[in-house]
Amino acid sequence: MPQSGSQRYFHLHLISDATGETLSTVAKAAAAQYADFRPIAHIYALVRTPTQLNRALREIEEQPGIVLFTLINDDMRRQLEKQCEAIGIPCLSILDPVISMLSQYLNTASRPQVAGQHALNSDYFRRIDALNFTMAHDDGQDLEDLEKSDIILLGVSRTSKTPTSIYLAQRGIKTANIPIVPRIPVPQKLFDVRGPLIVGLIASAERIAQIRRHRLLSLKESRSTDYADPRLITDELMFMKTLCSEHDWPMIDVTRRSVEETAAAILNLLSEARRVDAAT
């Protein structure tokens, strides 16, 4: 097993007859439980013919490791499992345990469908619509139809408003985000909307200053600027917190949260808000 410093590496082969998105998500979540090891992921997507599978098998033989797969074709599954057994490496179909449990509970056999989770159904088009809406309403753009949002995110610069918005859009949530900028009035439209959930994103001044400094370096910005001054960032955050408190808008501290964790917290707030609305 390769090693660099204190961290060890292993090869992780992901074989799918669809996009490989499911495999990648599961593999990432599982590998995160082993901080001392880093996976070298080899992704083989749209593997639907023996020729494509053989190409993947050659690479697996050259760089042995764990094999995870989602394949519908029985012959290809058997070929993969037989080859992995021959060279002595673990091989697992990640959906089999879940499908087996569903089959027992529902008392019916499964009907496998390649890339069935990516079918062009109403949910798919809802996510595309949400993504289009979110991109059109990024960074305070197009406030006229703000009422059509499911969620409106507020925050000072570098609080992950855009990536969080896009992540939510991929879940089918129409998300607008509005920057809170010093000395620029908050759009009046924000105070007039009634339907959307409004959430403020905050972070520590030190964390925001660090991100802003990196941003300036990436832009090769050499002019003197207050953009990354922690004292002024503290003032921005105080204004932001006061704004949210005055209007009873919930706030989420993203200092130590990933985009996924922030989005999960927002979705919980949205579910709670919808339950309250349904009860009234």
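Just so it is clear, none of the values below were taken in a lab; they were calculated from the coordinates. Keep in mind it's a predicted model, so treat the numbers as computed, not measured. Heads up, the Cβs are rebuilt from the backbone with ideal geometry, glycines too, and the neighbour counts pull from every protein chain shown.
3J(HN,Hα) along segment 164-176: 5, 4, 5, 4, 5, 4, 5, 9, x, 9, 6, 10, 9 Hz, from the Karplus curve 6.51 cos²θ - 1.76 cosθ + 1.60 with θ = phi - 60°, whole Hz, x for Gly and Pro.
Reported value for the chain: 196 Å³ per residue, from the convex hull of its C-alpha atoms.
Highest mean packing comes first when the peptides 154-163, 16-25 are listed by Cβ atoms within 10 Å, giving 154-163, 16-25.
For segment 35-88, how big is the tail of P(r) above 17 Å, as a whole percent of Cα pairs? Please list the in-between numbers first.
Values: 491 of 1431 pairs.
The proportion of pairs with Cα distances above 17 Å equals 34 percent.
Ordering 93-105, 58-70, 237-249 by mean Cβ neighbour count within 10 Å, with the highest value first, yields 58-70, 237-249, 93-105.
Percent of C-alpha pairs per 10 Å bin in segment 54-207, short distances first: 9, 25, 18, 17, 19, 10, 2.
From most to least packed by mean Cβ count within 10 Å, the peptides 76-83, 35-42, 168-175 give 168-175, 76-83, 35-42. Whole-percent P(r), segment 3-116, all Cα pairs, 5 Å bins from 0: 2, 11, 21, 22, 19, 13, 7, 3, 1, 0, 0. Positive contributions from Lys and Arg (+1) and negative ones from Asp and Glu (-1), summed over other residues with Cβ under 15 Å from the Cβ of ARG274, come out at +1.
Taking all Cα pairs closer than 8 Å and separated by 6 or more residues, the relative contact order of segment 125-186 comes to 47 percent. Compactness of segment 11-52 was expressed as the Cα radius of gyration divided by 2.2 N^0.38 Å, which yields 1.26.
One Cα centroid belongs to segment 202-233, the other to segment 146-200; the line between them spans 22 Å. Charged neighbours of THR242, selected by a Cβ distance under 14 Å, balance to -3 (K, R count +1; D, E count -1). Taking Cα atoms, how many degrees apart are the long axis of helix 50-62 and the longest axis of the chain, rounded to 10 and kept between 0 and 90? The helix 50-62 is inclined about 90 degrees to the chain. At a Förster radius of 22 Å, what calculated FRET efficiency corresponds to the Cβ-Cβ distance of GLN33 and ILE89, to the nearest 0.05? With R0 = 22 Å, the Cβ-Cβ based efficiency is 0.65. Multiplying the residue separation of ALA264 and ARG194 by 0.36 nm and removing their Cα-Cα distance gives an extension gain of 23.0 nm.
Count Lys and Arg as plus one, Asp and Glu as minus one, and take only other residues whose Cβ is under 13 Å from that of ALA45; the net charge is then 0.
The long axis of helix 74-87 is offset from the longest Cα principal axis of the chain by roughly 80 degrees.
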